[in-house]
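Working notes for the structure below.
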Amino acid sequence: MKTIMLIGCIFANSSLTAQSRIISGVVIDTFSKEYLPYATISINNKIVTANAEGLFSISLPATALDFNLIVSYAGYESDTIIIHSFQDNYIVELVPSVNKLNDVVVITGVTKATSIKENPVPIVVISAKAIDMATEENIIDALAQSAPGFNSVKTGPGVSKPFIHGLGYNRVLTLYDGVRQESQQWGDEHGIVVDDYNIERAEIIKGPASLMYGSDALAGVVSLFPVMSYNTQGKLIGRYTSEYQSNNGLIGNGMRLIYGSEHWSYALRGSYRIAKNYNDPIDGWVYNTNFRTTNVSFSAQYRTSSGFTTLNINLYDHKQGIPDGSRDSLTRQFTKQIYEIGAQPDDNIKQRPLVPYDSLNSYLLSPLHQRIQDYKFYSNNHYEIGKGFLDGQLAFTQNLRREYDHPTDPLQAGLYVRLYTLNYGIRYTNQIFEGIELTFGINGMYQNNKNLNATDFPIPDFTLLDVGPYIYLRKKWQRWTISGGVRYDNRFLRGNNFYTKQDSATGFFKQVFSQDTTDSYLQFPAFNKTFAGFSFSAGLTYLLNQQISLKANIARGFRAPNISEFASNGLDPGAHIFYLGNRNALPEFSLQEDAGMEMTYNDVSIYISVFNNYIQNYLYESQDVDSQGNQVVIVPGNKTFRYEQSSAELFGLEATVNFHPEILKGFSFDNSFSFINGYNLNPSYKHTGVNGEYLPFMPPVRLVSGISQEIKTRSFIITSLTLKCVADINAAQNHYLSLDHTETPTPAFTLVNLGILATIKYSQNYSMQFQVQVNNLMNMAYQSNQSRLKYFEYYTASPNGHLGIYGMGRNICAKLIMPF
């Protein structure tokens with residue numbers, strides 16, 4: 001049964017007007033007393049979401065009496081509370097109930113907090129608890145363990161790019177607190193820029209989300225929510241996170257401090273992570289995969305009875321080695337570059353010196369590394385206006401990216417680009433008729449990119465403007481929920497003539513700024529291009545009964561070519577690829593159909609979803625070859641790719657089956673399955689199979705199966721123990737792109753992870769979590785077809801029979817989370 005406790009009496013607040021009244025409180029587990037973050041609170045057709053600590057507040061007219069407050073949270077029985085005139089503050093205690101998983105609430109891709117069972121768009125929510133228990137190398141890899149159909153393409157432990165249904169790069173949009181992450185994501189070795197220790201929740205849209213977000217959301221959205229400030233009743237609250245991983249010696253520490261009162265609240269967050277090169281059973285230490293990352297962020301929020309304004313500052317600094325896979329042909333030991341390519345003496349990839357042991361097993365970064373600095377300042381705003389509410393966002397980002405690839409001049413960056421991004425958005429939501437909700441708005445971005453003191457110029461200087469108005473309708477009728485909308489996007493892309501010439505003093509190339517372009521090379525001719533298109537989404541859900549819900553959706557996505565696809569003409573030193581853009585590229589348009597069914601019972605929950613995605617004008621990389629079929633080499637030691645277009649089709653199936661018998665308290669047996677196939681529909685590749693018909697980086701058939709058992713103890717110190725074992729089973733991938741030696745077949749492999757988590761009560765009010773987990777318990781030697789390192793190889797044969805770089809070996813992880 002529910003328990004409601006009075007934690008405050010009637011109070012008068014001179015700062016509030018006589019026309020409003022604030023109902024506030026906290027939502028907790030009735031047994032463990034733990035906060036339930038992001039619980040859903042609804043009253044009088046108004047919905048709010050609790051914050052990361054379960055705290056909520058909602059404004060009502062001062063005359064409001066005897067209203068029903070409905071509180072719900074995934075995996076718990078909903079609670080209905082009568083609001084009385086003599087009580088404004090509440091503690092709401094919810095009782096766990098395994099058959100309520102479909103009550104989870106989402107806020108990505110919708111205009112307000114919405115129950116996932118009423119949202120027709122395929123979406124997965126990863127809770128704060130699941131993120132806290134993850135021991136992967138970064139947040140993207142952690143999410144990939146919890147969401148079928150979501151994968152990552154990796155360049156070592158420090159770089160993981162999100163892929164949804166086999167699509168990634170600029171086809172997947174990453175949001176941080178609702179702000180687009182713009183960090184030159186066209187690059188192969190460019191990861192996302194977030195604080196791994198301060199993500200409280202994640203939502204993944206699996207399918208076109210252009211309706212709400214415009215270009216670059218063609219495959220879906222990864223929305224990351226950091227812990228934010230809230231009213232702590234004048235108390236300073238914090239949390240400390242510490243982590244160690246044995247394989248690469250990763251050491252990580254994170255801290256958050258939160259303070260808040262009735263109107264103002266503040267959050268200060270920071271983290272530092274450092275790692276050596278990782279180790280695998282075949283290659284030993286993998287040179288230049290070490291990294292170090294520093295994050296600092298601050299938030300301030302001002303809240304009134306009608307809404308709030310949040311101001312945020314984020315500072316991110318990441319240094320990452322740039323692996324190239326060069327090694328000795330006989331010993332297979334890694335080698336390092338000491339001479340410049342094309343200079344005297346010339347660099348010979350197959351005759352480089354061996355990397356000494358003290359450089360392999362070291363936190364010290366090689367002179368050849370990349371550095372990413374990302375600075376954000378943004379504001380999110382939400383206010384009630386009339387019977388509706390207005391949301392507004394304004395964000396500024398400066399992203400600096402340097403890739404150092406000159407061994408004879410390690411302070412000279414090869415690639416050095418600075419990207420300014422201004423994001424904007426405003427929308428208004430109101431109920432226009434009985435049960436019909438209308439939202440209209442506009443969002444977009446302005447960008448300015450400039451090459452700075454560099455020697456390699458894969459992309460030109462440019463300015464970009466995105467503008468996208470949209471309208472969205474949602475209707476609830478009995479057991480049906482119907483929603484949909486339309487949008488029209490415009491992207492304006494501009495660039496001037498860009499000249500380069502060789503510096504006679506250094507031998508490196510440099511940009512020419514003067515009017516005198518004698519003996520210079522017009523690397524990027526001027527361009528003035530506009531891309532435009534419609535997108536839409538339409539879907540419905542039907543609640544068959546309390547246990548079974550059905551949903552279907554169809555969506556058209558839009559994506560303009562990114563700057564690399566459209567205009568590149570130079571070497572990306574980190575990727576070791578010379579890119580050739582396509583000035584005739586057209587926008588991509590996708591049409592995806594989804595259908596799903598969810599069943600939740602006391603002992604089992606099942607979810608099944610199928611999709612089909614047809615993409616018009618699909619842009620893809622094709623290795624450049626001459627008329628005799630020989631690879632074109634513009635820069636020695638680097639491949640040459642150009643961008644081409646055709647149609648493509650992807651389809652697949654995903655399923656989760658979770659057993660949680662009521663008679664076995666704390667036991668769960670969770671399973672997720674995914675199958676994805678992708679085809680290039682270029683007529684010249686029809687029926688060619690691996691020689692062009694299959695799309696690259698397609699994830700294999702995958703089954704993630706895990707058993708866990710939570711044991712409640714009688715100890716006053718160690719209050720619970722959780723044992724878990726997970727098997728990550730990956731089938732062989734024989735649908736690969738072998739054309740021009742792009743990919744090779746990938747054998748099947750299974751990774752077993754084993755761990756234990758202890759909840760330790762160290763004070764009257766706080767408990768900490770200490771976890772030890774062994775990933776890749778059997779020290780399996782494996783390669784993933786979604787690892788770029790698999791293809792870092794300069795020989796066609798090897799004495800040990802292994803080519804390319806293998807995945808991380810056994811890794812013992814220890815993690816401590818201590819709130820205070």
If I ask for residues that are open to solvent by 40 Å² or more (accessible area, probe 1.4 Å) and more than 25 Å from the chain's Cα centre (by Cα), which ones from the stretch 451-467 would you list?
Leu452, Asn453, Thr463
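If I filter the stretch 260-292 down to residues being among the hydrophobic types (A, V, I, L, M, F, W, C) and closer than 30 Å to Ser306 by Cα, which single residue comes out as least open to solvent (accessible area, probe 1.4 Å)? Working first, answer last.
Our first condition is that a residue be among the hydrophobic types (A, V, I, L, M, F, W, C); within the stretch 260-292, this holds for 264, 267-268, 274-275, 282, 285-286, 291.
Of the ones still in play, those that are also closer than 30 Å to Ser306 by Cα are 264, 267-268.
Working: Trp264: 114, Ala267: 1, Leu268: 84 Å².
Within the stretch 260-292, the match that is least open to solvent (accessible area, probe 1.4 Å) is Ala267.
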Is there any pair linking a residue in the stretch 358-376 that is more than 12 Å from Ser183 (Cα to Cα) to one that is among the hydroxyl-bearing types (Ser, Thr, Tyr) and outside any loop (DSSP other than H, G, I, E, B), with Cβ under 9 Å and at least six apart or on different chains, and which?
Ser366/Ser359
Restrict the check to the stretch 655-666 and report whether at least one residue is modelled with pLDDT of 95 or more, in contact with a Gly (Cβ under 8 Å, 6 or more places away or on another chain) and assigned to a strand (DSSP E or B).
no
Taking first residues from the stretch 133-157 that are farther than 27 Å from Tyr363 by Cβ and among the aromatic types (Phe, Trp, Tyr) and second residues anywhere that are outside any helix (DSSP H, G or I) and open to solvent by 20 Å² or more (accessible area, probe 1.4 Å), the pairs with Cβ under 8 Å that are 6 or more apart or on different chains are Phe150/Val124
Do you know which residues across the stretch 727-743 are surrounded by 15 or more Cβ atoms within 10 Å (Cβ to Cβ), of a type outside the set (S, T, N, Q) and farther than 19 Å from Phe675 by Cα?
Leu739, Asp740, Glu743
Can you give me the number of residues within the stretch 772-816 that are within 15 Å of Glu137 (Cα to Cα), in a strand (DSSP E or B) and not β-branched (Val, Ile, Thr)?
7
Selection from the stretch 306-337 of residues assigned to a loop (DSSP other than H, G, I, E, B) and either of a type in the set (D, E, K, R) or surrounded by fewer than 20 Cβ atoms within 10 Å (Cβ to Cβ) (or both) yields Ser306, Asp324, Asp328, Ser329, Leu330, Thr331, Arg332, Gln333, Lys336
Have a look at Leu703, Leu739 and point out the one that is in contact with a Ser or Thr (Cβ under 9 Å, 6 or more places away or on another chain), under 22 Å from Glu793 (Cβ atoms) and touching a residue at least 24 places away in the same chain (Cβ under 8 Å).
Leu739
When you check Gln523 against the structure, is it under 27 Å from Thr408 (Cβ atoms) and free of Cβ contacts under 8 Å to residues at least 24 places away in the same chain, yes or no?
no
Of the numbered conditions (1) modelled with pLDDT under 90; (2) in a loop (DSSP other than H, G, I, E, B), Thr135 fails exactly one; give the number of that condition.
(1)
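Quick one: is Tyr302 surrounded by fewer than 16 Cβ atoms within 10 Å (Cβ to Cβ), closer than 30 Å to Leu803 by Cα and aromatic (Phe, Trp, Tyr)? Spell out how you get there, then give the answer.
Working: surrounded by fewer than 16 Cβ atoms within 10 Å (Cβ to Cβ): yes; closer than 30 Å to Leu803 by Cα: no; aromatic (Phe, Trp, Tyr): yes.
So Tyr302 fails the test.
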The stretch 761-820, residues that are under 30 Å from Asn198 (Cα atoms), open to solvent by less than 40 Å² (accessible area, probe 1.4 Å) and basic (Lys, Arg):
Arg788, Lys815
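Examine the stretch 746-769 for a residue that is over 27 Å from Ala128 (Cβ atoms) and part of a loop (DSSP other than H, G, I, E, B), and state whether such a residue exists. Quick ask: steps written out before the conclusion?
Filtering the stretch 746-769 for residues over 27 Å from Ala128 (Cβ atoms) gives 746-750.
Those still in the list that are part of a loop (DSSP other than H, G, I, E, B) too: 747-748.
Yes, that holds for at least one residue.
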Look through the stretch 473-487, keep the residues that are modelled with pLDDT under 90 and part of a strand (DSSP E or B), and return whichever of them is surrounded by the fewest Cβ atoms within 10 Å (Cβ to Cβ).
Trp477
Determine the pairs where a residue that is at pLDDT 90 or above, located within the stretch 779-802, has a partner that is basic (Lys, Arg) and part of a loop (DSSP other than H, G, I, E, B) with Cβ atoms under 8 Å apart, the partner being 6 or more residues away or on another chain.
Asn779/Arg810; Ser798/Arg332; Pro799/Arg332; Asn800/Arg332; His802/Arg332
The stretch 135-186, residues that are touching a strand residue (DSSP E or B) at 6+ places or on another chain (Cβ under 6 Å), aromatic (Phe, Trp, Tyr) and closer than 27 Å to Leu315 by Cβ
Tyr176
Got a sec? Which of Tyr420, Tyr470 is open to solvent by 30 Å² or more (accessible area, probe 1.4 Å), within 24 Å of Asn562 (Cα to Cα), modelled with pLDDT of 95 or more and of a type in the set (Ser, Thr, Tyr)?
Tyr420
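The values are calculated or read from the model by the stated rules, or taken from the named source; none is laboratory data. Not measured: the values here are computed from a predicted model. Methodologically, a virtual Cβ is constructed for each residue, glycine included, from the backbone with ideal geometry; neighbour enumeration extends over all protein chains shown. Please note that ligands, DNA and RNA were not included when accessible areas were found on the heavy atoms of the full protein model with its side chains. Shrake-Rupley method; radii C 1.70, N 1.55, O 1.52, S 1.80 Å.
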